[in-house]
Amino acid sequence: MSFVSPLFLWYFMPALLLALLVLPRTWRNGIIAVASLFFYASGAGAFTLLLLTCMVVNFLVGRALEPTAWGMKPKQRRKLLIAVICFDVAILVIWKYAGFATEQLDFFAKLFGGDFPVVHLALPIGISFFTFHHISYVVDIHRGERPALRNPVSFVTYIAMFPQLVAGPIVRYREIADQLPQTRSHRIDDIAAGFPRFALGLCKKTIVADSLNPMVEACFGTPNGTMSFGIAWLGAVGYTLQLYFDFSGYSDMAIGLGRMLGFRLPENFARPYSSVTVTEFWRRWHMSLSRWFRDYVYIPLGGNRRGAAKTYRNLCIVFVLTGFWHGANWTFLVWGCYHGALLIVERAFRLDETPARRPARIARRTLTLVLVVVGWVFFRSPDIGHALTMIGHLFLPDFSGLTDVVNAALTNQRLVILLAALIVVLLPAHPVTGPLLESSRGRAATGLRVGIMTAGLAYAAILVANGTFSPFLYYQF
């Protein structure tokens, strides 16, 4: 089930909100837990058993990880923490990377005239996200930052909460622990505040991201021999916009849904394409992932406290993991290493600070955007060779124009949406639309709410009814 499917919009969401309104508020977590497991099972099927198994293990171990639990010594608690993290990571590695690893082994075996059996496993939906939630839960308890949950229903509500289960934002346990008690007295106010945010995300996804998808597919599907300067830039810029509106749209929908359910989920985007440095870009893009790696990988490795060499090592580790977290393909690894290298260069040459003068800021912002666009070519391409061919054409102008396939995909409507999306992306860094829409009562926010809730929502509903939506891009991660 998808947030942009008629089943979700016309039946599931209204029924859930009605239940939360009319039933006792002490039932809130139970209702959300059952609805979330149903939501996940509708798309994941038998893989729901894998999610339930992981939840049972982490819930039981979490109780034993508290500093005062069962009289365990610190070393015993640490060993138990390592064991449960290894369990969580092993589940992720087996289902997400076993196929990729065996393919590489088979490739090397064939070089020597042999064969290696290749494993083909279906990827459970949202496995990267619920694995990180489990790790956050046990680590935060071990550190004594929050107590373990005693009520299994509250635990299921945190891990399986459907707005963030499939594609984030990644909610660290300490960010939501205080919200899990079922004290919710402003249910109608929460729905009124969360629905415009949900509607904003729906418009981003259906009106912009899905409209650009056929054009992007045509550009990236162009064979290397017919790739051109125009196709390369059209595809790279188109995907840069599509990914942003698709993923930030999902995040807006998740945050809006969370608010309607009585939870305040963390922000995930803050106009990332307005960044002046790549360092700033990672403070604004997929912020919940950046915070997770900072808190559970970068800082435990020593962060920037042990000299430049170890700081660069820690950045490399984090971005290698960031790349592979997105998928089992060399393109993701190259993309992660590319961004890690850019961050190291900025830090080494003190380029990670925003220039004081406006001309310098404009120049740096333009350079940062170009660097990010180049990175997205690796991220989207099917293989390294195709990515390098496309990047080569980005910087080698020619006059061969567009192919018939790309011309057919670039309709006047998509060209208008592409230009409009580009204008929105190039707006100033502040204010950020989502939080402004949800909390501000000023004229600009009120006008935006009225526009989204009337024209935008009506058009998005028509697109959904016509079945023109596509799966969210981050579902594959």
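Yes or no: ASP404 more than 27 Å from the chain's Cα centre (by Cα) and surrounded by fewer than 13 Cβ atoms within 10 Å (Cβ to Cβ)? The answer is yes for ASP404.
For segment 440-452, a residue qualifies if it is assigned to a helix (DSSP H, G or I), of a type outside the set (Val, Ile, Thr) and open to solvent by 70 Å² or more (accessible area, probe 1.4 Å), and the qualifying residues are ARG443, ALA444. Residues that are assigned to a helix (DSSP H, G or I), buried (at least 24 other Cβ atoms within 10 Å of the Cβ) and of a type in the set (A, V, I, L, M, F, W, C) within segment 253-266 comprise MET253, ALA254, ILE255, LEU257, listed in sequence order. If we scan segment 311-326, do we find a residue that is of a type in the set (A, V, I, L, M, F, W, C), open to solvent by 50 Å² or more (accessible area, probe 1.4 Å), out of contact with any Leu (no Cβ under 8 Å at 6 or more places or on another chain) and closer than 21 Å to HIS286 by Cβ? Yes; the residues of segment 311-326 include at least one that is of a type in the set (A, V, I, L, M, F, W, C), open to solvent by 50 Å² or more (accessible area, probe 1.4 Å), out of contact with any Leu (no Cβ under 8 Å at 6 or more places or on another chain) and closer than 21 Å to HIS286 by Cβ. Being outside the structural domain of LEU17 (by the TED database), surrounded by 21 or more Cβ atoms within 10 Å (Cβ to Cβ) and under 22 Å from VAL237 (Cβ atoms) is a property that holds for PHE269. Scanning segment 219-233 for residues that are buried (at least 21 other Cβ atoms within 10 Å of the Cβ) and farther than 10 Å from THR403 by Cα yields PHE220, ALA232.
Checked against (1) open to solvent by 50 Å² or more (accessible area, probe 1.4 Å); (2) in a helix (DSSP H, G or I); (3) not β-branched (Val, Ile, Thr), LEU396 passes all but a single condition, namely (2).
Restricted to helices (runs of 4 or more DSSP H) entirely inside segment 278-371, those with at least 2 residues that are in contact with a Gly (Cβ under 6 Å, 6 or more places away or on another chain) and under 22 Å from ASN268 (Cα atoms) are 308-326, 330-348.
Out of everything in segment 453-471 that is part of a loop (DSSP other than H, G, I, E, B) and open to solvent by less than 70 Å² (accessible area, probe 1.4 Å), what residue ends up being farthest from LEU212 (Cα to Cα)? Among residues in segment 453-471 that are part of a loop (DSSP other than H, G, I, E, B) and open to solvent by less than 70 Å² (accessible area, probe 1.4 Å), the one farthest from LEU212 (Cα to Cα) is GLY467. Screening PRO428 against (1) touching a helix residue (DSSP H, G or I) at 6+ places or on another chain (Cβ under 6 Å); (2) outside any helix (DSSP H, G or I) leaves a single unmet condition, (1). Looking only at residues in segment 408-419 that are in contact (Cβ under 8 Å) with a residue 12 or more places away in the chain and not in a loop (DSSP other than H, G, I, E, B), the one that is nearest to LEU234 (Cα to Cα) is LEU418. Of the residues making up segment 339-362, those that are free of Cβ contacts under 8 Å to residues at least 24 places away in the same chain and open to solvent by 60 Å² or more (accessible area, probe 1.4 Å) are VAL345, PHE349, ARG350, ALA356, ARG357, ARG358, PRO359, ILE362. When each of PRO196, PRO214, PRO181 is tested for being over 15 Å from ARG414 (Cα atoms) and outside the structural domain of ILE31 (by the TED database), the lone residue that passes is PRO196.
Meeting the requirement of 2 or more residues that are out of contact with any Ser or Thr (no Cβ under 6 Å at 6 or more places or on another chain) and open to solvent by 10 Å² or more (accessible area, probe 1.4 Å), the helices (runs of 4 or more DSSP H) wholly within segment 112-193 are 127-142, 152-160, 173-176.
Are any of the residues in segment 413-429 more than 27 Å from the chain's Cα centre (by Cα) and outside the structural domain of PRO169 (by the TED database)? Yes, that holds for at least one residue. For beta carbons closer than 6 Å, sequence separation of 6+ or different chains, a first residue in segment 205-224 that is aliphatic (A, V, I, L, M) and a second that is assigned to a loop (DSSP other than H, G, I, E, B), the qualifying pairs are MET215/LEU410.
Looking across segment 194-218, the residues that are open to solvent by 30 Å² or more (accessible area, probe 1.4 Å) and under 30 Å from THR389 (Cβ atoms) come down to ASN213, PRO214, GLU217.
The values are calculated or read from the model by the stated rules, or taken from the named source; none is laboratory data. These figures come from a predicted structure and were not determined experimentally. Methodologically, a virtual Cβ is constructed for each residue, glycine included, from the backbone with ideal geometry; neighbour enumeration extends over all protein chains shown. Note: accessible area is taken over every heavy atom of the protein model, side chains too, but ligands, DNA and RNA are not part of it. Shrake-Rupley method; radii C 1.70, N 1.55, O 1.52, S 1.80 Å.
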